[in-house]
Each structure stands twice: as C-alpha cells, then as structure tokens.
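Heads up: the structure comes next, in structure tokens.
The values are calculated or read from the model by the stated rules, or taken from the named source; none is laboratory data. These numbers were taken from a predicted model, which means no experiment stands behind them. Cβ coordinates were reconstructed from backbone atoms using ideal geometry, including for glycine residues, and neighbour counts include every protein chain displayed. To get the accessible areas, we keep the full protein, side chains included, count just its heavy atoms, and leave off ligands, DNA and RNA. Shrake-Rupley method; radii C 1.70, N 1.55, O 1.52, S 1.80 Å.
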Amino acid sequence: MAPEYGSQGHVSVKTDIYCYGILLMEVFTRKKPTDNMFHEEITLKSWVCMSLHKDVSEVADIKLFVPSEEQFISAKKDGILSILKLALNCCEEHAEQRPNIGDVVNSLKTIKTKYLRSIEATRPSRITPRRS
C-alpha cells in the first residue's frame, strides 16, 4: 500500500504507480507482500532492493530461468534487473518522486527492445540453403 494512502487515505494516480511497482515485484519474484518471510523490518520492497545488489537470479522467480534457454540467461537477467529497478522507482516513498505512467510505459518499451536485441544477438544465424 502506498505510504500516502496508509497514512492519510490519499488516493491519486501516483498511488496507482506505487501499486504497479509492487505488482511488478510480485510477478518477477513470485512473492507476495504478505508472505511469511516479510514482516515489519523486511518488506517485499526492501528485500528486492537489498537483493539487487547481489545476483538478480537470487530474487527472481526461478521458473523464469528455463534450462533449455540457457543461452539467454544473461539477457533475461538484464531484463529482469531493469524491470525490478523500474518497480523500485515506482515505489518511491514520496509520490512526487514516482514516474508518471507515460515514463513507465516508455521504460518498459525500452527494456523490451533491449531484451529482444540481446536475444537476437545470441541466436545462431540462420543460413538458408541455396537452391540449385
């Protein structure tokens, strides 16, 4: 819950941005803010923030790293790291520091483009046989 909603009952577009950040963290970590591992001192947000200083695969849902797609691990890690950083940005304590939805959408498009380019660069080139 956004801090301004919890303390003042104030709802705004920036409250929605905060909630979207939490949703992104839930999707990519497969954890809920209500999981038993979280309590007063450690929240989903603080756990993600602390964990990103290590290896993103320690915080990301393990099912995102399919062994048959091992050649794409680096691209996936980069993409997930970027998304979780965006999620944390959406969850800034002060509403005025959170991005607007247009900036969030542009960031997601940039992350997607970078991810797809990385995937394409790691794929073996396809050589089409010549016809005689």
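None of 46, 82 is part of a helix (DSSP H, G or I), open to solvent by less than 80 Å² (accessible area, probe 1.4 Å) and free of Cβ contacts under 8 Å to residues at least 12 places away in the same chain except 46. Here's a check for you: in the stretch 101-122, which residue that is open to solvent by less than 80 Å² (accessible area, probe 1.4 Å) and within 12 Å of residue 74 (Cα to Cα) is modelled with the lowest pLDDT? Here the residue is 122. So, in the stretch 49-79, how many residues would count as being open to solvent by 50 Å² or more (accessible area, probe 1.4 Å) and assigned to a helix (DSSP H, G or I)? Total meeting the criteria: 14.
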